[in-house]
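Q: Here you go, one structure.
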Amino acid sequence: MAHSRFTARLRNTAALALLAGCAFGAQAKIDQVRFAVDPTYPPFESKTPQGKLVGFDIDLGNALCAQMQAKCIWVESQFDGMIPALKARKFDAILSDMGVTEERLKQIDFTEPMYDTHVQLIARKGSGLLPTAESLRGKNVGVEQGTVQERYARAKWQPHGVNVVPYGDQAQVESDLISGRLDAVFTDAAQAAIGFLKHPQGKDFALAGPIVQDPLIGPGTAIGLRKGDTELKAALNGAFDELKKNGTFDTIQKRYFATDISVQP
């Protein structure tokens, strides 16, 4: 009996060692993460005149990689092409202010929601425009292609006579708003308030009307992943939980936002 118990202990020890080895091996595979980013969307992501990527998402991604002891590689991509490119393995994850929606969940997976900003209309000061089909009927409203704002505008406003105009990147949207080719832009409120509206070219414009909330817009923003990429998902979720616990996430968000954008329980 003693020999049997000793043999059983050896087997248990070997099994535990094997499991530990497997866990270590799974972690060791994530030595780098290739994040997709659209660098036309300050304060989430943009480029300095020297070509360096900067912004909230960049700082968040670098902090996640540091927590995981992995190397961050940033891959620039137009927003509307990110999901096909992710599925084609041109990068590992999307960290570019992408909201979680039912439509996107049919194609890709997401980490837990990491932050929550709102969507709102921008229009010329004094225009009186509101984010409703009635107010915008006959108007040209710009959106960035592939965003929840485009999806909402096409579903809720376009059938009622609103001309929804999609653009490849946010810089083009803002340029046409300034030139008068657009009457309004539908975008992320934080991006507008801290990006476009803070710059001299945005001085004649303002957020117009209330925040828009709808299931089409989703419950928050997360990192997009390929379906089945459970190891990376677990690693990113674990790293993000640590960033929240040790105060790093709070420090990062306060660099860019005057209000708390963390996901509320």
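The values are calculated or read from the model by the stated rules, or taken from the named source; none is laboratory data. What you see is a predicted model; the values in this text were computed from it and never measured. Backbone-built Cβ (ideal geometry, glycine too); neighbour counts: all protein chains shown. Surface areas here come from the heavy atoms of the whole protein model, side chains and all, with no ligands, DNA or RNA. Shrake-Rupley method; radii C 1.70, N 1.55, O 1.52, S 1.80 Å.
Q: How many residues are touching a residue at least 40 places away in the same chain (Cβ under 8 Å), more than 27 Å from Ser262 (Cα to Cα) and hydrophobic (A, V, I, L, M, F, W, C) if we restrict to segment 131-148?
A: Total meeting the criteria: 2.
Q: I'd like to know if segment 126-140 contains one or more residues that are of a type in the set (Ser, Thr, Tyr) and either modelled with pLDDT under 95 or touching a Ser or Thr at 6+ places or on another chain (Cβ under 9 Å) (or both).
A: Scanning segment 126-140 turns up no residue that is of a type in the set (Ser, Thr, Tyr) and either modelled with pLDDT under 95 or touching a Ser or Thr at 6+ places or on another chain (Cβ under 9 Å) (or both).
Q: Taking the condition of being touching a Pro at 6+ places or on another chain (Cβ under 9 Å) and of a type in the set (S, T, N, Q), how many residues in segment 185-228 meet it?
A: 2
Q: Which numbered condition in (1) of a type outside the set (Phe, Trp, Tyr); (2) without any contact (Cβ under 8 Å) to a residue 24 or more places away in the chain; (3) not in a strand (DSSP E or B) is the only one that Gln191 fails?
A: It is condition (2) that Gln191 fails.
Q: With the structure loaded, tell me whether Leu177 is hydrophobic (A, V, I, L, M, F, W, C), at pLDDT 90 or above, open to solvent by less than 50 Å² (accessible area, probe 1.4 Å) and outside any loop (DSSP other than H, G, I, E, B) or whether it fails that test. Don't jump to the end; show me each part of the working.
A: On the way: hydrophobic (A, V, I, L, M, F, W, C): yes; at pLDDT 90 or above: yes; open to solvent by less than 50 Å² (accessible area, probe 1.4 Å): yes; outside any loop (DSSP other than H, G, I, E, B): yes.
Spelling it out, Leu177 is indeed hydrophobic (A, V, I, L, M, F, W, C), at pLDDT 90 or above, open to solvent by less than 50 Å² (accessible area, probe 1.4 Å) and outside any loop (DSSP other than H, G, I, E, B).
Q: Any residue in segment 48-62 that is within 25 Å of Ser262 (Cβ to Cβ) and either at pLDDT below 95 or of a type in the set (Gly, Ala, Ser) (or both)?
A: Taking segment 48-62 as the starting set, the residues that turn out to be within 25 Å of Ser262 (Cβ to Cβ) are 53-62.
Restricting the remaining residues to those that are either at pLDDT below 95 or of a type in the set (Gly, Ala, Ser) (or both) gives 55, 61.
Among the residues of segment 48-62, at least one is within 25 Å of Ser262 (Cβ to Cβ) and either at pLDDT below 95 or of a type in the set (Gly, Ala, Ser) (or both), which makes the answer yes.
Q: Go through segment 194-210 and count every residue that is of a type in the set (S, T, N, Q) and without any contact (Cβ under 8 Å) to a residue 12 or more places away in the chain. Reasoning before the result, please.
A: Going through segment 194-210, the residues of a type in the set (S, T, N, Q) turn out to be 201.
Add one more test, that the residue is without any contact (Cβ under 8 Å) to a residue 12 or more places away in the chain, and what stays is none.
Total meeting the criteria: 0.
Q: Next question, about the same structure. Six or more apart or on different chains, Cβ under 9 Å: which pairs go from a residue in segment 86-109 that's at positive phi to one that's among the small types (Gly, Ala, Ser) and outside any loop (DSSP other than H, G, I, E, B)? Could you list them?
A: Every condition considered, the pairs that remain are Asp97/Ala190.
Q: Scan segment 139-152 for residues that are open to solvent by 40 Å² or more (accessible area, probe 1.4 Å) and outside any loop (DSSP other than H, G, I, E, B) and report the count.
A: The number of residues fulfilling the criteria is 2.
Q: Residues that are at negative phi, among the charged types (D, E, K, R), open to solvent by 10 Å² or more (accessible area, probe 1.4 Å) and more than 17 Å from the chain's Cα centre (by Cα): does segment 153-161 have at least one?
A: Looking through segment 153-161, at least one residue is at negative phi, among the charged types (D, E, K, R), open to solvent by 10 Å² or more (accessible area, probe 1.4 Å) and more than 17 Å from the chain's Cα centre (by Cα).
Q: If you take the residues of segment 210-265 that are in a helix (DSSP H, G or I) and β-branched (Val, Ile, Thr), which of them is most open to solvent (accessible area, probe 1.4 Å)?
A: By that ranking, first place goes to Thr230.
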